[in-house]
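The structure appears right after this line, and notes come after that.
The values are calculated or read from the model by the stated rules, or taken from the named source; none is laboratory data. Keep in mind the model is a prediction, meaning the values are calculated, not measured. Methodologically, a virtual Cβ is constructed for each residue, glycine included, from the backbone with ideal geometry; neighbour enumeration extends over all protein chains shown.
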Amino acid sequence: MITRLGMAPRLAGHTYHEFQHHWRTSHADAAGKIPNLLRYVQNHAVLRNEMPVLGFPGFDACSELDFASVELMNEGFNSEEYQVRVRADERAFVEKSRFSLILGDRSVVIDKPRPKEGVKLMLFYRVHPRSTQNQLVDELASFDAQLLISEGVRRRELLIPLVTASAELGAPASEAVDMQWFDGVDEALGFLNSATFDRCLWGLSGLSFGGTRHLATEVDVVAPK
């Protein structure tokens, strides 16, 4: 199983709400028909006062698409459904020239159900020039699960990019993505301001530098069979 995490900003002239409506309706109808697609989730930015709670992360579209293999993924994206129908819809609302991609393996670290009305915190980490992806991933995997749960984390997954699986797609936009689910926005923001998260960041010093945060609600377009 591989996960294709795609990210792109909205076209100029569209508001956050206009973009999210188009993405949830017209685009979901088209993209949900890509052949071989096993799962499709849209991660919509949580908005307050018409703006993302954590600020603009550099993208509006943040989609997760699962396929059984890279080969089946390529077959799906070479299909008429994607090349004709989906790409035509993308041109109406997404700035694809600024597209970012992460193709990787997703592993479950805290294996609990996603809260039905919850939010998802996505933390994108870049490897420090003096470090390696393996060191970064090892540190992320070492976080104390029980301590995170006590701070409100309901589920946790790590998405680790594949280095050589699809060279034509270019380098991944991030070396690791930490995905955590919370019961609500206040719980997620409380975690980001907690001593526990501060301790996690301290452990990542010298291993990661820079990064992006995205707080989202999930829209399940294609659920796993």
Some residue of the range 24-33 being of a type in the set (V, I, T), closer than 28 Å to W181 by Cα and out of contact with any strand residue (DSSP E or B) (no Cβ under 8 Å at 6 or more places or on another chain):
yes
Among the residues of the range 197-221, count how many are modelled with pLDDT of 95 or more, in a strand (DSSP E or B) and surrounded by 12 or more Cβ atoms within 10 Å (Cβ to Cβ).
12
For the range 166-196, give me the residue count where each residue is out of contact with any helix residue (DSSP H, G or I) (no Cβ under 8 Å at 6 or more places or on another chain), outside any strand (DSSP E or B) and either within 27 Å of L37 (Cβ to Cβ) or not aliphatic (A, V, I, L, M) (or both).
15
Name the single residue, out of those in the range 87-123 being out of contact with any Ser or Thr (no Cβ under 9 Å at 6 or more places or on another chain) and of a type in the set (V, I, T), that is farthest from R4 (Cα to Cα).
I110
Out of the residues in the range 45-85 that are among the acidic types (D, E) and farther than 19 Å from G32 by Cβ, which is surrounded by the most Cβ atoms within 10 Å (Cβ to Cβ)?
E71
Can you name the residue in the range 93-135 that is of a type in the set (V, I, T) and more than 13 Å from P172 (Cβ to Cβ) and, of all such residues, is surrounded by the most Cβ atoms within 10 Å (Cβ to Cβ)?
V94
Given the conditions (1) surrounded by fewer than 16 Cβ atoms within 10 Å (Cβ to Cβ); (2) more than 11 Å from F93 (Cα to Cα), report the number of the one that E18 does not fulfil.
(2)
Within the range 125-148, does at least one residue satisfy the condition of being aliphatic (A, V, I, L, M) and assigned to a strand (DSSP E or B)?
yes
Can you find even one residue in the range 39-62 that is modelled with pLDDT under 95, out of contact with any helix residue (DSSP H, G or I) (no Cβ under 6 Å at 6 or more places or on another chain) and aliphatic (A, V, I, L, M)?
no
